[in-house]
Amino acid sequence: MTILDPMLLDGWLRFNEEHWGLTAKRLVLSPENGSNWKLQTVLYTNRKGVIVLPPRNPYLPVQFSTSATRVSAINRRKREASEALAKSMVAYKGQRPVALDPGVHDVRPFVWKGQVARPRYTYTLPLPGWREQADKTVFQKARKAEKGGYTVEQTVDYEAVQGCLEGAQDRKGFDHKVSARGLARLAELMGGDHFVCFLARGADGAPKGAWVRIYVPGGRALAWSAGVHTEALKDGVNSLLNVHALEWFESKGCTSFDFVGANIPGVAAMKEAWGGELSPYYVVSPRNLRHLALEARDMVNGWRTAFRKAR
C-alpha cells in the first residue's frame, strides 16, 4: 500500500519513539480470506504496554483502501476494517484516550467493544481548487501583510522558527514541547520531501511568524506547529503564511490539507474561512475512571459557559 499520510512514514515513527520514549508498531489489517480491503495504521505504546497517542500527534493515522465500487460493499468493508482495528486495540494491556483519523467514519465497532467515542472536529481542504472556496477576507489580509513588507520563505533556520513558536506559546499559555534541536532532528528523519518550515519576516528582516508542516507529495499535508508574534497578528501574517503554504503544497501535488482541529470557537472561525470541509473525528477510550473524569470536566465546563451567558 502506497503511503499517502506523513504520519505513517518511518521518520515520523522514529521521531515519536525517540522524542517521547514510546514504541511504535505498524499494523496492516486485511480480511482473513481474500484481499478486498486493507487498513494500515501505527499503534504507540508506553513502557507499560498501554496504547497512547503521542504528544503533538493529532490522530492515529489510518489509511484504508478497497477494490469495492458499490456503496453497500464499501460500507461493509469499512465496518469490517474498523472491527479488526478495535479488536487489535483491546488486545493490549490498556489504552489511553486515542484520537482516530478523520477517515475512520464508523466507530460503532469500538462502542460494541465497550469503548466511548467522543466527537471532535477539523477542517480538511481539498487541493487544488482551494482559492475558489476561500472567503475573500483571507486574501485581503494576505495582501495587507505583503503591502506592509512581510515576506515568506522556506527555511532551515530552526532557531528563528523556534523563536516564533515560543512567542505564541507564551501568549497562549501552552508548550510546543519540541525545541529547535528537536525540529532539526525531525527534519533529518522526515527528509526534505516530507517536512517544511515556512518563515515570515517583517520589512526589517526580523522573523515574525512560522508554520511547521508535514506532508507527502501526491498525498496529505497537515498542520503541525505555528506561531506568530503578537505585533504581527493584526497585519495579516497568518493569512500570508497560509496562502504561501497552500500554493506550495499544491505545487507538490498534495491532494488535501488538514488544518488539524477546529474545536475552539475563535480557532474554528479562523479556519472555516478557508473553505475546507468540516470533518468529524473521534476520540475513543475505555469506560473507566478516566472516562468518568472527562465527562465530569465537560459537564462542569458546560455549566460555567451557561452561567456566563446567563449573566
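Read-outs throughout are calculated quantities, based only on the coordinates presented, and are distinct from any laboratory measurement. Being a predicted model, the structure only gives us computed values, none of them experimental. Note that we place each Cβ from the backbone using ideal geometry, even for glycine, and neighbour counts take in every protein chain shown.
In region 128-254, if the dipole is taken from +1 on Lys/Arg beta carbons and -1 on Asp/Glu beta carbons about the Cα centre, which of 184, 243, 138 is farthest to the positive end?
138
Would you work out which of 209, 128, 284 lies farthest towards the positive end of the dipole of the chain, given +1 charges on the beta-carbon of Lys and Arg and -1 on that of Asp and Glu, about the Cα centre?
In the chain, that residue is 284.
What's the percent breakdown of Cα-Cα distances in the chain across 20 Å bins, shortest bin first?
Taking every Cα pair in the chain, the percentages come to 29, 58, 13, 0.
When the dipole is taken about the Cα centre of the chain, and only Lys, Arg (+1) and Asp, Glu (-1) are charged at their Cβ, what size is it in debye, to the nearest 20?
Charge dipole, the chain, about its Cα centre: 1320 debye, nearest 20.
What do you get for the angle between helix 71-90 and the principal long axis of the chain? Use alpha-carbon atoms, 0 to 90 degrees, nearest ten.
90 degrees
Just the Cα atoms of region 128-254, one point each, no solvent: what log10 I(q)/I(0) does Debye give at q = 0.12, 0.22 Å⁻¹?
Here log10 of I(q) over I(0) equals -0.43, -1.34.
Evaluate the Debye formula for region 1-109 with equal point scatterers sitting on the alpha carbons, no solvent, and hand back log10 of I(q)/I(0) at q = 0.10, 0.11, 0.20 Å⁻¹, in q order, two decimals.
-0.29, -0.35, -1.08
Rounded to two decimals, what is Rg over Rh for region 174-236 when you use alpha-carbon atoms and the Kirkwood radius?
Looking at region 174-236, the ratio lands at 1.01.
Counting Lys and Arg as +1 and Asp and Glu as -1, each charge on the Cβ, what is the dipole of region 140-287 about the Cα centre in debye, to the nearest 20?
About 320 debye.
Take every Cα pair under 8 Å in the chain that's 6+ residues apart, average their separations, divide by the length, and report that relative contact order as a whole percent.
23 percent
With springs only between Cα atoms under 10 Å, which of 45, 151, 230 fluctuates most in a Gaussian network model of the chain?
Ranking 45, 151, 230 by mean-square fluctuation puts 230 first.
Quote the charge dipole size of region 44-106 about the Cα centre in Debye, to the nearest 20; the model charges only the Cβ of Lys and Arg (+1) and of Asp and Glu (-1).
Using Cβ point charges on Lys, Arg, Asp and Glu, region 44-106 gives about 180 debye.
Against the empirical 2.2 N^0.38 Å scaling, what ratio does the C-alpha Rg of region 104-185 come to?
Its radius of gyration relative to the 2.2 N^0.38 Å reference: 1.67.
How much FRET efficiency would the formula 1/(1 + (r/R0)^6) give for residue 113 and residue 36, where r is the Cβ-Cβ distance and R0 is 25 Å, rounded to 0.05?
Computed FRET efficiency for residue 113 and residue 36: 0.60.
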